[in-house]
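Chemist: Quick one: the structure is below, questions incoming.
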Amino acid sequence: MAKTGTTTQGLRAAIERSGYYPALVAEAVEAAVGGEPVVSYLVHQETTFDSNEVRRHVTVLVLTGTRFIVSHTDEQAADGTSPSPYATTSTESVKLDRISSVVLSRVVANPEAYTPGTLPREVVLTIGWGAVSRIDLEPAACGDPNCDADHGYTGSSTADDLSLRVSEAGDGPDTVRQTLAFAQALSEATAATTR
C-alpha cells in the first residue's frame, strides 16, 4: 500500500492509514522533517515471508524544499537479544544537491501496442546519493585461451542507496501512479538544484 501527497497533515494521515506502528513511524519521520513544508511524500508498506514468519516493513519517502528524507521501519521477532518482538526505525536526511541519480524503471505489457499515458505493470524507483555502493569484482582475463597470466581484477561499482519496487498486481494501480508522481517530483527537485 502506498500513499502520496503534498502536505504534512496528509503525510501523517497516510502513515496512520498504513496501520504499521503509526505512532512510532510518524514520530521518526516528523522529527526528521522538522519544520520544513512537505513538497511530496510516498508511504509504502511491504510484507515479506521469511521461513515460517511474516515480516512487515514500511518505507516513507519525503521531499521537502531542500531535502530528501527516507525512513525505514522493520519489525523483528523475539530473539537472543530481546525476549519480546521489537521494531527498528531509521531515518536519513539527504540534501537535494547530493542526489546523484533518480532512476525509474517501467515494465509495460504489450509494448508494441503501448499508448502514451498507459500505466506500467510495475515500476522500480532507485535513488542514489552515494551513501551505499556495491562493488562487483571478477578476475580479469585476456582473449588468449592459453594465457595463464594474472590480469588482475575487473568489475563495476553501483550506487545502491534505495530501490523501491511496486506493481499493479501486488500493490494496486493507485500505488503505481503514486510512485510515478513522487519520482517525478523528486526528479524535478534535483534538476532545480543544478540550475
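Chemist: Could you check, for the stretch 145-153, whether at least one of its residues is of a type in the set (D, E, K, R), open to solvent by 60 Å² or more (accessible area, probe 1.4 Å), part of a loop (DSSP other than H, G, I, E, B) and touching a residue at least 12 places away in the same chain (Cβ under 8 Å)? If you could, list the steps in order and put the result at the bottom.
Modeler: Kept after step one, since they are of a type in the set (D, E, K, R), are these residues of the stretch 145-153: 148, 150.
Right, trim to open to solvent by 60 Å² or more (accessible area, probe 1.4 Å) and you get 148, 150.
Cutting the leftovers down to part of a loop (DSSP other than H, G, I, E, B) gives us 148, 150.
From the residues that got through so far, the ones that are touching a residue at least 12 places away in the same chain (Cβ under 8 Å) too are none.
No, the conditions are met nowhere in the stretch 145-153.
Chemist: Continuing with this model, one more query. Looking only at residues that are assigned to a helix (DSSP H, G or I) and open to solvent by less than 10 Å² (accessible area, probe 1.4 Å) in the stretch 163-180, which one is farthest from His72 (Cα to Cα)? First the steps, then the outcome.
Modeler: If we filter the stretch 163-180 for residues that are assigned to a helix (DSSP H, G or I), which is where we start, we get 168-171, 173-180.
Still in the list and also open to solvent by less than 10 Å² (accessible area, probe 1.4 Å): 175-176, 179.
Values: Thr175: 18, Val176: 20, Thr179: 17 Å.
So the residue we want is Val176.
Chemist: If you don't mind, another one. Does the stretch 61-76 contain any residue that is of a type in the set (Val, Ile, Thr), in contact with a helix residue (DSSP H, G or I) (Cβ under 6 Å, 6 or more places away or on another chain), under 22 Å from Phe182 (Cβ atoms) and in contact (Cβ under 8 Å) with a residue 60 or more places away in the chain?
Modeler: Within the stretch 61-76 (the criterion being of a type in the set (Val, Ile, Thr), in contact with a helix residue (DSSP H, G or I) (Cβ under 6 Å, 6 or more places away or on another chain), under 22 Å from Phe182 (Cβ atoms) and in contact (Cβ under 8 Å) with a residue 60 or more places away in the chain), the answer is no, since none of the residues qualifies.
Chemist: Within the stretch 1-11, take every residue that is surrounded by fewer than 20 Cβ atoms within 10 Å (Cβ to Cβ) and not aliphatic (A, V, I, L, M) and give me the one that is nearest to Asp174 (Cα to Cα).
Modeler: Of all residues in the stretch 1-11, those surrounded by fewer than 20 Cβ atoms within 10 Å (Cβ to Cβ) come to 1, 5-10.
Next, only the ones that are not aliphatic (A, V, I, L, M) stay: 5-10.
Values: Gly5: 12, Thr6: 16, Thr7: 18, Thr8: 20, Gln9: 20, Gly10: 16 Å.
The selected residue is Gly5.
Chemist: Checking the structure you have, find out if any residue of the stretch 111-129 is aliphatic (A, V, I, L, M), over 23 Å from Glu188 (Cα atoms) and in a strand (DSSP E or B). Spell out the reasoning first.
Modeler: Narrowing the stretch 111-129 to residues aliphatic (A, V, I, L, M): 113, 119, 123-125, 127.
Filter again for over 23 Å from Glu188 (Cα atoms), leaving 113.
Still in the list and also in a strand (DSSP E or B): none.
Scanning the stretch 111-129, I find no residue that is aliphatic (A, V, I, L, M), over 23 Å from Glu188 (Cα atoms) and in a strand (DSSP E or B), so the answer is no.
Chemist: Now for a different question. Output the number of the condition that Arg106 fails; it satisfies all remaining conditions of (1) open to solvent by less than 70 Å² (accessible area, probe 1.4 Å); (2) modelled with pLDDT of 95 or more; (3) of a type outside the set (S, T, N, Q).
Modeler: Only one criterion in (1) open to solvent by less than 70 Å² (accessible area, probe 1.4 Å); (2) modelled with pLDDT of 95 or more; (3) of a type outside the set (S, T, N, Q) is unmet by Arg106, namely (1).
Chemist: Within the stretch 51-79, which residues are under 21 Å from Ala185 (Cα atoms) and either at pLDDT below 80 or open to solvent by 10 Å² or more (accessible area, probe 1.4 Å) (or both)?
Modeler: Going through the stretch 51-79, the residues under 21 Å from Ala185 (Cα atoms) turn out to be 58-72.
Gly65, Thr66, Arg67, His72, listed by residue number.
Chemist: So is Val94 free of Cβ contacts under 8 Å to residues at least 40 places away in the same chain and open to solvent by less than 20 Å² (accessible area, probe 1.4 Å) or not? Even if it seems obvious, please write down each step before you answer.
Modeler: On the way: free of Cβ contacts under 8 Å to residues at least 40 places away in the same chain: yes; open to solvent by less than 20 Å² (accessible area, probe 1.4 Å): yes.
In short, yes.
Chemist: Of the conditions (1) of a type in the set (S, T, N, Q); (2) free of Cβ contacts under 8 Å to residues at least 24 places away in the same chain; (3) surrounded by 12 or more Cβ atoms within 10 Å (Cβ to Cβ), Thr126 fails just one. Which one is it?
Modeler: If we test Thr126 against (1) of a type in the set (S, T, N, Q); (2) free of Cβ contacts under 8 Å to residues at least 24 places away in the same chain; (3) surrounded by 12 or more Cβ atoms within 10 Å (Cβ to Cβ), just (2) comes out false.
Chemist: Counting only residues that are not in a strand (DSSP E or B) and not β-branched (Val, Ile, Thr), which one in the stretch 91-110 is farthest from Val29 (Cα to Cα)?
Modeler: To start, the set of residues in the stretch 91-110 that are not in a strand (DSSP E or B) comprises 96-100, 108-110.
Checking which are not β-branched (Val, Ile, Thr) leaves us with 96-98, 100, 109-110.
Values: Leu96: 17, Asp97: 21, Arg98: 20, Ser100: 23, Ala109: 36, Asn110: 39 Å.
Applying the filter and picking the extreme gives Asn110.
Chemist: Look through the stretch 12-50, keep the residues that are of a type in the set (Phe, Trp, Tyr) and crowded, with 20+ Cβ neighbours inside 10 Å, and return whichever of them is nearest to the chain's Cα centre (by Cα). Walk me through how you get there before you give the answer.
Modeler: Step one: filter the stretch 12-50 for residues of a type in the set (Phe, Trp, Tyr), giving 20-21, 41, 49.
If we keep only those that are crowded, with 20+ Cβ neighbours inside 10 Å too, we end up with 20, 41.
Working: Tyr20: 17, Tyr41: 12 Å.
Restricting to residues being of a type in the set (Phe, Trp, Tyr) and crowded, with 20+ Cβ neighbours inside 10 Å, the top hit is Tyr41.
The values are calculated or read from the model by the stated rules, or taken from the named source; none is laboratory data. A quick note: this is a predicted structure, and the numbers were derived from the prediction, not measured. Virtual Cβ from ideal backbone geometry, glycine too; neighbours counted across all protein chains shown. Accessible surface areas use protein heavy atoms only, side chains included; no ligands, DNA or RNA. Shrake-Rupley method; radii C 1.70, N 1.55, O 1.52, S 1.80 Å.
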